[in-house]
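Since the structure comes first, as C-alpha cells, the remarks are kept for the end.
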Amino acid sequence: MALRFTAFMALWTVFYFVAPGWHLLTWTVIGLGGAAAVVAGVRRHRPSRPAAWYLVAAALVTLIGGDTTYNVLTDVFGQVEPFPSAADAVYLTTYPLAAGGLLIMVRRRSPLRDRAALIDAMIITTAMALLLWVYVITPTVTDQHQTWLANAVSIAYPLGDVLLLAVAARLSTAGGLRGPAVRSLLLGVLGLTGSDVAYALVRLYGTWHVGSPADLGWVVFYVSWGAAALSPSMTALTEPVTVARRAPSWRVLPLAVAALVAPTVLMIDSLERDLRDGPVIAGASALMFLLVLLRLFLASRETRELDSRAHSRALVRELKHRAYRDPLTGLGNRLRFQERAERALDRARDCEGVAAMLLIDLDNFKEVNDTQGHRAGDELLVAAGQRIAGAVRPGDLPVRLGGDEFAVLLSDGASEAAAVALAQRLIRVLAEPFRLSGGPVPVRASIGVATSPGGVGGTEEVLFRNADLALYAAKADGKGTWRLFDPSLYNAALRKLALRTGLDRALAAGEFELHYQPIVKVQGPPRVVGYEALVRWRHPELGLLAPSNFVPLAEETRQIGPIGAWILRTAVADAAAGGFGYVAVNVSPNQFSGGGFVETVRGALSAAGLPPDRLTIEITETVFLHEASADALADLEALSLMGVRIAIDDFGTGYSSIGYLRDLKFDLIKADKSFVDRIADLADHERLLRAIVHVARTLGLAVVAEGVETEAQRDLLRDMGCGYAQGFLYSPAVPLDRTARVRAAIEKGGG
C-alpha cells in the first residue's frame, strides 16, 4: 500500500515540475494526498493512539494550506514573492502540530527512562541548531533589506525546523529505526528542513519562484509522512518499547558527525567571518562537550550493566540447561519433553502433519536393582540412555522421564511408519545384554507408540497418555515388544475406569451374585457331587459381567479381599441351605496375604453350619510364588487339619505342579481346560491328560476335568480313568434357584 502510494505521488511530482501551468492543481493533489494517506492509514491499521497521527495529518493540511495560499497570491493575484504574507501564518502552524504528533509517539514509544537516547538526540539537535544559526538565522537577522517583521518570520522557520529535528531525533533513538514508518517520518523532517533552508537562502541571495528544485524537500515531506501512515509498522510508533535495547552501532556515526560540527564551523568562521559567531559557537561547543561527557559516563555504566546482564544470562542458561537435563543420563528430562512436545504439536497442527512419541520401559530393571544394588541400576540406566540416544534419528529428542522410563519425541516430519520403525529398532537394540561392572545383564524393553492426532485430542497430555496406554498394552502382551496406540485402548481404559469406580460401591450395593456350575461324576451313571461357586457382577449399566471382566481388576486394586470374603460366606451359606454335595470356592493369592483367612473360613462354616469336608478351597500355583507363600502354606495346612478339602486349580499350566503334589497335602486336582479342549483331536493333549490322571491316581488324588463340552471328550476322560468333570456338556453356571433342576436333568439324562 505504501509503495503504491509513493509511486502514484512520484508521477504527480514529475508532472508538477514539467507542467508549470498546473502548479496549483498538482501541488494541492500532492499535499492533500499526503494528508489523506495519513487518515487512510489510521483507519486501516487502527493504532492505539490515533491522536498522534491525526496531528500529523493536520500538520500536512496546514502546510498545503500555506502552499495553496501562497500559490493563490502568486498565480491568481499576481504578487511577486509575497513575504511575509497570510501564507506564512498558515505555514508556521505546521511545526507545533507536527511536533505535537511526534511527541505523543515519543512518550508512548519510550516509557522507559532512556537517558542515553535523550542525550544522543540533544547532541544531534545542538549540531543542527548551530548550523542553522550560523548559516540561516544570523544572515537573516543582519539583512538590512528586510523589515523587522520579515526577519522575525524568517527566523521562525529555522526555529520550527530545530524543534522538529529535536523531536524526530528523539523518536529515532526511542527504540531505533525499526520499521519503515519511523524512517519515513525522519526522512520527511529532513526534507522539510532542507526546503526551508533552501527557501531562506534563496530569499537572502536571490529570487524565489514556485517550481524550483528546492520544492522537492516539501514533496518528500508530504509523500514520506503519508507513506509512513500507510505502513503496517505505523502502529508500533504508538506502542511502548517494553525492553531496553542496546544502542545500535549505526547511532555512533551521526553522533560523531554532530560532534565535529562545532569545530568545523569555528574553523570556517575564523577564516571567512572574523569570528562574529564566536560566542554562539563557543556556547554550542561547551554544551556538546558536556553532553558527550555525560554520554560517555552513561555508556560506561551501560557497559557494566550489560556485562552484568550477560553474566546473569549465562547463569540463567546454565540453570535452564540443568533444569532441562536428567543428571544421571545426560538426556533431556520431563520438563524438556513437555516443552518440545507442545511446540511439535503446534507445528503439526499448523502444517496438518503428525507429532509422534515413544514411551519406553525397561522390563527387568527392578530385578537388577534388587539383586545387584542401586549402583548397578544406575549403570544400567546410563547404558540404556546411551543406546536409546544412539538409535534415534537426527533431530529426535530422547529423554529420561524418571525411574526406568524413557521417551523419544520424533522430530518434525514424523510419521506413524517412522515411529513404528524406531520402536522396532529400539526393541532390538535394548534386547542385547548390557555389560555392567557386575557382569552381563539381560534386559528387555516394552514400548508404547502414539501419534497425533490420536482420535481423542491433540495436546501433549493426550499424546503422552496415549503412549502410556500403548505401553500398558505392550506389557500385557508379554513384555519385550511394542504396541501402537489405537482408540480401542482408550475405550478399554475408560471401561476399566468405570469398572474400577463401580467396584468401590458394588459390594455395598448388593450387585454381586453367585452362580453355580455342577461337578459331575464321570464313571458310571452321571451324578452331581458338588458345585463350583462363580461370581457374577450385575452392573447397573453394563449388565451381567463374568469374572474375567472384573476379578483381575479387583486383584490389582486389592478389592479382591472383601469380595472374596463375601463369596466364601455366601457360597457356604448357599451350600448349607441348598443341600447340594460340596461347594468349591476359588481363592485369590491376595486373600492369603492379607492375613486372617483361616478365621474367615472358620467363621463362615460356623455361621452356616456347614461341615468342613463339604467346602473345597481352589487355589493356583501363584499362591506359592507369592511373597507371603510361607504364611499361605501354613494357612493351607491349618485348613486341611480343620477338614476343609484343598484343590489345586489350572493344574498343568505351571512349572512346579508335580513338586507341589509330592510335598503338600491336596485332595484333588483340576485339569486345565486347555488340555481338555482338543483331546479328541490331538494325541499330545490326550497323552498329557492321561499322565495327569495317572499321577493323581498314584498319589491318591481325585481329578476334575474342566471345560468338558462334548460327549467325545467325556468318553475319553471316562476311558482314561478321570473321576469327575464340569463344563457346558452338563451345564453352565446357574443361579442358586436353578441348581436343583439342573441336577435332576443331569442325573436323569444318564450317559
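The values are calculated or read from the model by the stated rules, or taken from the named source; none is laboratory data. Since the model is a prediction, treat every value here as computed from it, not as a measurement. Here Cβ is always computed from backbone atoms with ideal geometry, including for glycine, and neighbour counts include all displayed protein chains. Calculation scope for accessible area: heavy atoms of the full protein, side chains included, ligands and nucleic acids excluded. Shrake-Rupley method; radii C 1.70, N 1.55, O 1.52, S 1.80 Å.
Observations
- Arg44 being within 21 Å of Gly188 (Cα to Cα) and either out of contact with any Phe, Trp or Tyr (no Cβ under 7 Å at 6 or more places or on another chain) or free of Cβ contacts under 8 Å to residues at least 12 places away in the same chain (or both): no
- Test: residue in the stretch 96-107 that is more than 22 Å from Leu190 (Cα to Cα) and part of a helix (DSSP H, G or I): no
- Among the residues making up the stretch 580-608, none is on the phi > 0 side of the Ramachandran plot and among the hydroxyl-bearing types (Ser, Thr, Tyr).
- One residue alone among Glu511, Glu556, Glu541 is touching a residue at least 12 places away in the same chain (Cβ under 8 Å), open to solvent by 20 Å² or more (accessible area, probe 1.4 Å) and within 30 Å of Ala470 (Cβ to Cβ), and that residue is Glu541.
- Gly175 vs. criteria modelled with pLDDT of 75 or more, farther than 21 Å from Ser85 by Cα, open to solvent by less than 40 Å² (accessible area, probe 1.4 Å) and of a type outside the set (A, V, I, L, M): no
- Qualifying residue in the stretch 452-461 (condition: closer than 19 Å to Gly385 by Cβ, open to solvent by 20 Å² or more (accessible area, probe 1.4 Å), out of contact with any Lys or Arg (no Cβ under 7 Å at 6 or more places or on another chain) and polar (S, T, N, Q)): no
- Of all residues assigned to the stretch 60-77, at least one qualifies as being modelled with pLDDT of 85 or more, among the hydroxyl-bearing types (Ser, Thr, Tyr) and crowded, with 19+ Cβ neighbours inside 10 Å.
- Meets criteria (assigned to a strand (DSSP E or B), within 17 Å of Thr481 (Cα to Cα) and in contact (Cβ under 8 Å) with a residue 12 or more places away in the chain) for Ala407: yes
- Entry remark, the stretch 381-402: residues being open to solvent by 40 Å² or more (accessible area, probe 1.4 Å) and at pLDDT below 90 number 3 in total.
- For Ser411: the one exception among (1) under 27 Å from Val462 (Cα atoms); (2) polar (S, T, N, Q); (3) open to solvent by 30 Å² or more (accessible area, probe 1.4 Å): (3)
- The one condition in (1) modelled with pLDDT of 80 or more; (2) open to solvent by 50 Å² or more (accessible area, probe 1.4 Å); (3) farther than 30 Å from Arg44 by Cα that Gly160 fails to fulfil: (2)
- Filtered by the rule that a residue be at pLDDT 85 or above, open to solvent by 50 Å² or more (accessible area, probe 1.4 Å) and not aliphatic (A, V, I, L, M), the stretch 633-667 gives Glu637, Arg645.
- Selected residue (criterion: farthest from Ala474 (Cα to Cα)) from residues of the stretch 324-380 that are β-branched (Val, Ile, Thr) and open to solvent by less than 50 Å² (accessible area, probe 1.4 Å): Thr329
- Among the candidates Pro442, Pro487, the residue that is open to solvent by 60 Å² or more (accessible area, probe 1.4 Å) and more than 26 Å from Glu352 (Cβ to Cβ) is uniquely Pro442.
- Among the strands (runs of 3 or more DSSP E) confined to the stretch 419-505, the ones with at least 1 residues that are more than 30 Å from Gln372 (Cα to Cα) are located at 445-452, 482-484.
- The stretch 595-613, residues that are part of a loop (DSSP other than H, G, I, E, B) and crowded, with 17+ Cβ neighbours inside 10 Å: Leu610
- Boolean, Tyr222 is closer than 20 Å to Ala87 by Cβ, modelled with pLDDT of 85 or more and touching a helix residue (DSSP H, G or I) at 6+ places or on another chain (Cβ under 9 Å): yes
- Looking only at the stretch 12-27, and only at residues there that are under 17 Å from Phe77 (Cβ atoms) and open to solvent by less than 40 Å² (accessible area, probe 1.4 Å), the one that is modelled with the highest pLDDT: Trp27
- Of residues in the stretch 348-377 being more than 22 Å from Arg400 (Cα to Cα) and at pLDDT 80 or above, the one farthest from the chain's Cα centre (by Cα): Val354
- Those residues of the stretch 568-591 which are open to solvent by less than 10 Å² (accessible area, probe 1.4 Å) and either among the aliphatic types (A, V, I, L, M) or assigned to a helix (DSSP H, G or I) (or both), in sequence order: Leu568, Ala571, Val572, Ala575, Val583, Ala584, Val585
- Residues (part of a loop (DSSP other than H, G, I, E, B), of a type outside the set (A, V, I, L, M) and surrounded by fewer than 17 Cβ atoms within 10 Å (Cβ to Cβ)) located in the stretch 678-724: Arg678, Asp681, Gly700, Glu709, Thr710, Gly721
- Residue in the stretch 522-529 that is under 19 Å from Asp574 (Cβ atoms), open to solvent by less than 20 Å² (accessible area, probe 1.4 Å) and in contact with a helix residue (DSSP H, G or I) (Cβ under 6 Å, 6 or more places away or on another chain) present: yes
- Residues that are modelled with pLDDT under 80, of a type in the set (Phe, Trp, Tyr), more than 28 Å from Phe5 (Cβ to Cβ) and assigned to a helix (DSSP H, G or I) are absent from the stretch 246-255 altogether.
- Every residue from the stretch 688-733 that is under 14 Å from Ile746 (Cβ atoms) and touching a strand residue (DSSP E or B) at 6+ places or on another chain (Cβ under 6 Å): Val708, Tyr724, Ala725, Gln726, Tyr730, Ser731, Ala733
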